[in-house]
Amino acid sequence: MPVITNIQDLKRIYERRVPRMFFDYAESGSWTEQTFRENTSDFEQIRLRQRVAVDMSGRSTAAKMIGEDVSMPVALAPVGLTGMQHADGEIKAAKAAEAFGVPFTLSTMSINSIEDVAEATSKPFWFQLYTMNDEDYVRRLIQRAKDANCSALVITLDLQILGQRHKDLKNGLSAPPKLTPKTIANLMTKWAWGIEMLGAKRREFGNIVGHVEGISDASSLGAWTSEQFDLSLDWGKIAKLKEMWGGKVILKGILDAEDAKMAVKVGADAIVVSNHGGRQLDGALSSIRMLPQILDAVGGEVEVILDSGIRSGQDVLKSLAMGADGTMIGRAFVYGLGAMGQKGVTTALEVIQKELDTTMALCGERSVENLGRHNLLIPKDFEGDWQD
Ligand SMILES: Cc1cc2nc3c(=O)[nH]c(=O)nc-3n(C[C@H](O)[C@H](O)[C@H](O)COP(=O)(O)O)c2cc1C
């Protein structure tokens with residue numbers, strides 16, 4: 001077994017182990033992938049201030065996210081088709097998160113269902129909702145999340161239509177994979193993945209198949225989203241969903257100060273500053289660059305979580321020091337899951353926590369709660385000088 005010291009190590013194993021179509025699905029952004037690339041390269045522009053001769057004993061990465069105790073403020077982001085990256089992927093990721101003490105978010109477009117994950121875990125997880133045209137289905141989905149004791153509803157706002165990711169179209173992405181000469185040739189080189197997948201609890205969209213009538217093709221994400229996603233979602237509908245849920249609501253996919261203010265107005269408990277990992281509006285700025293103006297706009301009235309581009313504990317630290325209350329990771333945990341199942345997700349979390357803790361110490365801080373802009377060196381033009 002290779003020695004794993006960072007997230008990129010997990011990515012290399014993941015790439016070898018998982019069928020190309022699912023690797024490509026995770027490892028792409030939309031169109032030119034500019035936003036996808038800048039999500040990570042913008043983190044590199046921020047530097048850290050080294051401080052010395054500060055007592056480093058008794059450090060802690062513990063914090064709270066939406067009032068829940070977490071061992072570090074890093075939640076697993078909702079990731080569709082996680083159960084195609086590894087057999088029973090959602091169950092395994094949720095178990096790893098629970099044992100580590102961080103929140104797990106189950107996507108509407110998951111392979112394991114809400115009930116599967118609830119049965120396999122004991123602490124509440126978060127459920128991410130995509131709104132559909134079929135209002136009755138949405139109502140039932142929300143009820144299922146309530147019955148499963150989910151502690152937050154994460155409503156994703158940046159995917160009413162799907163941003164085009166070229167590779168998914170070229171690969172004919174579907175769950176389970178359709179057998180064509182190309183996919184068969186690739187699957188033959190991924191036998192360990194295939195053997196485990198034969199024993200998987202599910203290989204289709206577990207929250208959808210068997211729960212919706214009259215869907216023409218539930219295997220293809222593209223077909224499903226174009227047919228079913230609610231194009232008319234607006235703030236009025238968001239308010240109604242919040243009421244229907246009745247519990248904590250996290251609005252995900254906020255990248256603009258005006259939208260952030262609207263999120264406060266509808267009474268969100270938290271927002272996720274996110275561009276969907278560069279998978280939707282290519283050309284949008286990175287989350288970390290947009291964060292300062294969003295923080296200014298909401299003025300502490302809502303908890304602010306950041307995702308998109310986090311690949312290390314240093315990136316987590318930079319997000320928190322910039323002013324975010326918490327973070328989410330998508331690909332960083334998917335690499336671990338695809339590489340080594342549950343153990344891989346745990347390894348990804350351990351890597352990130354160790355990096356966060358050591359970086360914090362070298363910055364002269366003992367607690368994530370004390371991190372602030374005083375720990376950072378931010379280029380003067382970082383936020384950009386854009387025309388009105
Ligand atoms: C393969 C993949 C699938 C995703 N599926 C969903 C999803 O079903 N629902 C959702 O709200 N976000 C989804 N996202 C976005 C993530 O929740 C998160 O915003 C993004 O991954 C953060 O960027 P990062 O991967 O650079 O950490 C997905 C991201 C990836 C990479």
Tell me yes or no: at least one residue of the stretch 228-237 is within 16 Å of the ligand (Cβ to nearest atom), assigned to a helix (DSSP H, G or I) and either at pLDDT below 95 or touching a Cys at 6+ places or on another chain (Cβ under 9 Å) (or both). yes
Given (1) more than 19 Å from VAL334 (Cα to Cα); (2) of a type in the set (A, V, I, L, M, F, W, C); (3) assigned to a helix (DSSP H, G or I), where does ALA97 come up short, assuming only one miss? (1)
Among the residues in the stretch 360-375, are any buried (at least 24 other Cβ atoms within 10 Å of the Cβ) and within 16 Å of the ligand (Cβ to nearest atom)? no
Residue tally, condition within 13 Å of the ligand (Cβ to nearest atom) and in contact with a helix residue (DSSP H, G or I) (Cβ under 6 Å, 6 or more places away or on another chain), over the stretch 311-323: 4
Any chance you could count how many residues in the stretch 97-135 are away from the ligand (no atom under 16 Å from the Cβ) and either at positive phi or of a type in the set (Phe, Trp, Tyr) (or both)? 2
Condition (residue is in contact with a Pro (Cβ under 9 Å, 6 or more places away or on another chain) and modelled with pLDDT of 95 or more) applied to the stretch 303-313: is it met by at least one residue? yes
Is it the case, given these coordinates, that ALA145 is touching a strand residue (DSSP E or B) at 6+ places or on another chain (Cβ under 6 Å), part of a helix (DSSP H, G or I) and either more than 30 Å from ILE13 (Cα to Cα) or not hydroxyl-bearing (Ser, Thr, Tyr) (or both)? yes
Between residues in the stretch 307-320 that are more than 12 Å from MET72 (Cβ to Cβ) and part of a loop (DSSP other than H, G, I, E, B) and residues that are polar (S, T, N, Q) and near the ligand (Cβ under 6 Å from one of its atoms), which pairs lie under 6 Å by C-beta distance while being six or more apart or on different chains? ASP307/SER274; SER308/ASN39; SER308/SER274; GLY309/ASN39
Candidates GLU38, GLU119, GLU44 - the one that is part of a helix (DSSP H, G or I) and in contact (Cβ under 8 Å) with a residue 12 or more places away in the chain: GLU38
Consider VAL138 carefully, then state whether it is surrounded by fewer than 22 Cβ atoms within 10 Å (Cβ to Cβ) and either on the phi > 0 side of the Ramachandran plot or touching a Gly at 6+ places or on another chain (Cβ under 7 Å) (or both). no
Out of LEU285, LEU295, I need the residue that is within 28 Å of LEU377 (Cβ to Cβ), more than 16 Å from the ligand (Cβ to nearest atom) and hydrophobic (A, V, I, L, M, F, W, C). Which one? LEU295
Scanning the stretch 31-41 for residues that are surrounded by fewer than 22 Cβ atoms within 10 Å (Cβ to Cβ) and of a type outside the set (A, V, I, L, M, F, W, C), which turns out farthest from ALA324 (Cα to Cα)? THR32
Is it the case that some residue within the stretch 294-301 is β-branched (Val, Ile, Thr), crowded, with 23+ Cβ neighbours inside 10 Å and closer than 24 Å to VAL264 by Cα? yes
Pair list, Cβ < 7 Å and 6+ apart or interchain, from the stretch 61-89 residues that are modelled with pLDDT of 95 or more to residues that are near the ligand (Cβ under 10 Å from one of its atoms) and among the aromatic types (Phe, Trp, Tyr): LEU76/PHE333; LEU81/PHE22; LEU81/TYR25; MET84/PHE22; GLN85/PHE22
Return yes or no: is ILE161 more than 27 Å from ILE91 (Cα to Cα) and assigned to a loop (DSSP other than H, G, I, E, B)? yes
Evaluate the following for THR105: is it hydroxyl-bearing (Ser, Thr, Tyr) and modelled with pLDDT of 95 or more? yes
If the Cβ limit is 6 Å and pairs must be 6+ apart or interchain, which residue in the stretch 276-287 that is polar (S, T, N, Q) pairs with which residue that is within 8 Å of the ligand (Cβ to nearest atom) and in a helix (DSSP H, G or I)? SER286/ASN39
Scanning for something surrounded by 14 or more Cβ atoms within 10 Å (Cβ to Cβ), in contact (Cβ under 8 Å) with a residue 60 or more places away in the chain and under 30 Å from LEU285 (Cα atoms), does the stretch 142-153 turn up at least one residue? yes
Would you tally the residues in the stretch 49-92 being within 12 Å of the ligand (Cβ to nearest atom), small (Gly, Ala, Ser) and closer than 19 Å to ILE310 by Cα? 3
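The values are calculated or read from the model by the stated rules, or taken from the named source; none is laboratory data. Please read all numbers here as calculations on a predicted model, not as lab measurements. Note that we place each Cβ from the backbone using ideal geometry, even for glycine, and neighbour counts take in every protein chain shown.
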